[in-house]
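The values are calculated or read from the model by the stated rules, or taken from the named source; none is laboratory data. In this text the structure is predicted, and so the values were computed from the model without any measurement. Cβ placement follows ideal geometry from the backbone for every residue including glycine, while neighbour counts extend to all protein chains displayed. Note: areas computed on protein heavy atoms with side chains; ligands, DNA, RNA excluded. Shrake-Rupley method; radii C 1.70, N 1.55, O 1.52, S 1.80 Å.
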Amino acid sequence: MLPVQVNRLTVQEAGDRYVELVRAKTVTGALSPATAEVYARDVATFVRLAGPDQVLDDLTGEDVDAVLLAFARKPDERKKSDTQEKGTGKGTGQSAASQARFRRSVSALFRHATSAGWVHLDPMAASSVRARERGGLRPERRALTREQAEGLIEAAGSPAAPSPEAAEPGAGRRRRADQRTEVRDALVVLLLTTLGPRVSELVRANVEDFYTNDGVRYWRIFGKGGRTRDVPLPDAVAAALDAYLAVRAGGDGEKALLLSWRGRRLARGDVQAVIDRVQRLMDPGRRRAVTPHGLRHTTATHLLADGTDMDAVRRVLGHSDLSTLGRYRDDLPGELEVAMGSHPLLRRRRGQAGRDGEAAPDA
């Protein structure tokens, strides 16, 4: 029997072909554009670390381990202020979550390479480097407590006082008083905190994605992998949506829901700026830094803690598998004590004890 013929592509050639295939999947809806770009970015990093001129089939498990370790030591460029160790100027490296994501991207590349005949054997099978297990979520990804989340929502609903800079002559050129960005900011915070969309889903939202059925407002969310879900809006969120649409400055031809003061669709980074701006209005005692993804954690955590059916929470967040909820479910202070203090199997017994106690004085 003849040995399998392998197309001895370089790492660069294999990476380019794979990324082209991944991006093509966005046309059919098999992958979202955001997911495809994550794969493309990770593959580009792999090509650079492995050596673009290396033959892909020549890479061994040890070579892959060296790439994974090099990525783990690579400073996280998204947070330059946080990745510099005091007094050393050295980065702290990638988080465990980023390392795990990078490994999944490289594994997907080699799975395709194996089926396409670019390698004899998948070297990932011989790789031993794994990201350490997280011993707790990073603070910026941990769910806000109920008090912190309610404080954020209250601050979003309170119009900001004009800053001293805004009152200065010529300040109107930077930001006019009639731009009403605080109404938009309130909607952004309410959608993130109560529905927990991915930030990519939020910035992709169009006005036409919101509709009314039997008196209930819905948001048709276009999620990962071309999947859609229709999520009903709580009354307060629907009211915030109507208030924003009444002052939204976009022209008739602008489809995007969330617009900058220049009338352009908000970018992902703009959403974090909105959260930070609203937080500056909060009582410092209730304030805690949080990312849009941290608010997704907040949604899942408080819905589940309140006894909401897990499948309903899964549909709100847009997951296909219930097991994924474990990543978005964080512990809350005192939650176990509250749960045991109001155990569902003992409620009738406590109610009977209360009635007996009320009758005692008349006995």
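Using the Karplus curve 6.51 cos²θ - 1.76 cosθ + 1.60 with θ = phi - 60°, work out ³J(HN,Hα) for each residue of the stretch 111-125 in order, rounded to whole Hz, and write x for Gly and Pro.
4, 5, 4, 5, 6, 8, x, 8, 9, 6, 10, 6, x, 5, 5
List the residues whose amide H sits under 5 Å from the amide H of residue 206, counting only those 5 or more places along or on another chain, with H placed 1.01 Å from N in the peptide plane.
257
Summing Lys, Arg as +1 and Asp, Glu as -1, what charge do residues with Cβ under 15 Å from the Cβ of residue 126 carry, residue 126 excluded?
It works out to a net charge of -3.
Write down the accessible area per residue of the stretch 1-62 in Å², having rolled a 1.4 Å probe over the full set of protein chains.
On a per-residue basis, the stretch 1-62 sits at 60 Å².
Peptides 187-193, 203-209: what's the order by average Cβ count within 10 Å, highest mean first?
Values: 187-193: 24.9, 203-209: 16.6.
Going from most to least packed, we get 187-193, 203-209.
Quick one: which residues, 5+ away or cross-chain, put their amide H under 5 Å from the amide H of residue 265? H built at 1.01 Å from N.
260
Going by amide H atoms built from the backbone, whose H comes under 5 Å of the H on residue 217, apart from near neighbours?
233
In sequence order, what are the phi-derived ³J(HN,Hα) couplings for the stretch 225-239 according to the Karplus relation 6.51 cos²θ - 1.76 cosθ + 1.60 with θ = phi - 60°, rounded to whole Hz, with x for glycine and proline?
x, x, 7, 10, 9, 9, 10, x, 8, x, 4, 5, 6, 4, 5
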